[in-house]
Amino acid sequence: MTHAPEASNDAVTNAQAAPADAATRPPLPEIAYQLYSQQFQQMSLLAIAAAGGALVMLQVGLFKVRPWTPVVAAIILALAALVAVIGSMELTRGITENKDVRKTLKGCTLASFFLLGAGTGALIMGLLRNAFP
C-alpha cells in the first residue's frame, strides 16, 4: 500500500517539473537574433515598397475599373510591414529582458508573410481585372 502513494508523488513531481523546464528555456542564440532581425527588416522594406508601388499604379491610372483595389492592397501591405516591425520590437524585448520570444517571433513571421502574399495577390488580381474587363 505504501508503494501507490510514492508513485503518485513521483507523478506529481514530474508534472510540476515539466512546465518549469519549458518556462526556463534558454534564450535564442545570437545568430538567430541576427537572422530574425534581417528577415523582419527585409519583410518591412518589401511590404512598404509594394504598398508604394500600388499607390503609384493608382495615380498613373492603371486601375480604371476598380480604383479601390490598390488602396486595399496598400493597406494589407502596410499591415504586413507593421507586423514585421512588431516582430522586430519583440525581438528587441527578448534580447533586453532575456525572455523566450520564440512563439511571438514565429507568429509575426507567419503573419507578415501571409499579409505580404495577400496584398501582392490583391494587387495582381486588380491588375488582371483591369487588363481583361
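The values are calculated or read from the model by the stated rules, or taken from the named source; none is laboratory data. Because the structure is a prediction, the values reported are computed rather than measured. Counting neighbours? That spans all protein chains shown, and the Cβs are built from the backbone with ideal geometry, glycine included.
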For this session: Hey, could you check segment 86-98 for residues that are more than 24 Å from residue 52 (Cα to Cα) and aliphatic (A, V, I, L, M) and say which is modelled with the highest pLDDT?
Result: 91
Problem set entry | Cross-chain or 6+ apart pairs with Cβ under 8 Å, segment 106-125 first and charged (D, E, K, R), then exposed (fewer than 15 other Cβ atoms within 10 Å of the Cβ) | none
For this session: Kindly indicate whether any position in segment 57-65 is within 25 Å of residue 90 (Cβ to Cβ) and part of a helix (DSSP H, G or I).
Result: no
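Here's the yes/no breakdown for (1) farther than 30 Å from residue 130 by Cβ; (2) not in a helix (DSSP H, G or I); (3) not small (Gly, Ala, Ser):
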site	(1), (2), (3)
52	no, no, no
74	no, no, no
95	yes, no, yes
107	yes, no, no
Seminar exercise, completed: Scanning segment 86-98 for residues that are surrounded by 16 or more Cβ atoms within 10 Å (Cβ to Cβ) and touching a residue at least 24 places away in the same chain (Cβ under 8 Å) gives 87, 88, 91, 94
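From the list 123, 115, 127, which residue is among the aliphatic types (A, V, I, L, M), over 16 Å from residue 48 (Cβ atoms) and in contact with a helix residue (DSSP H, G or I) (Cβ under 8 Å, 6 or more places away or on another chain)?
None of the other options fit; the residue is 127.
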Exercise. Which residue pairs have Cβ atoms closer than 8 Å, lie 6 or more positions apart in sequence or on different chains, and pair a first residue in segment 55-73 that is touching a residue at least 60 places away in the same chain (Cβ under 8 Å) with a second residue that is surrounded by fewer than 16 Cβ atoms within 10 Å (Cβ to Cβ) and hydrophobic (A, V, I, L, M, F, W, C)?
Worked result: 69/125
Problem set entry | Options 101, 83: the member that is surrounded by 19 or more Cβ atoms within 10 Å (Cβ to Cβ) and either at pLDDT 90 or above or under 14 Å from residue 43 (Cα atoms) (or both) | 83
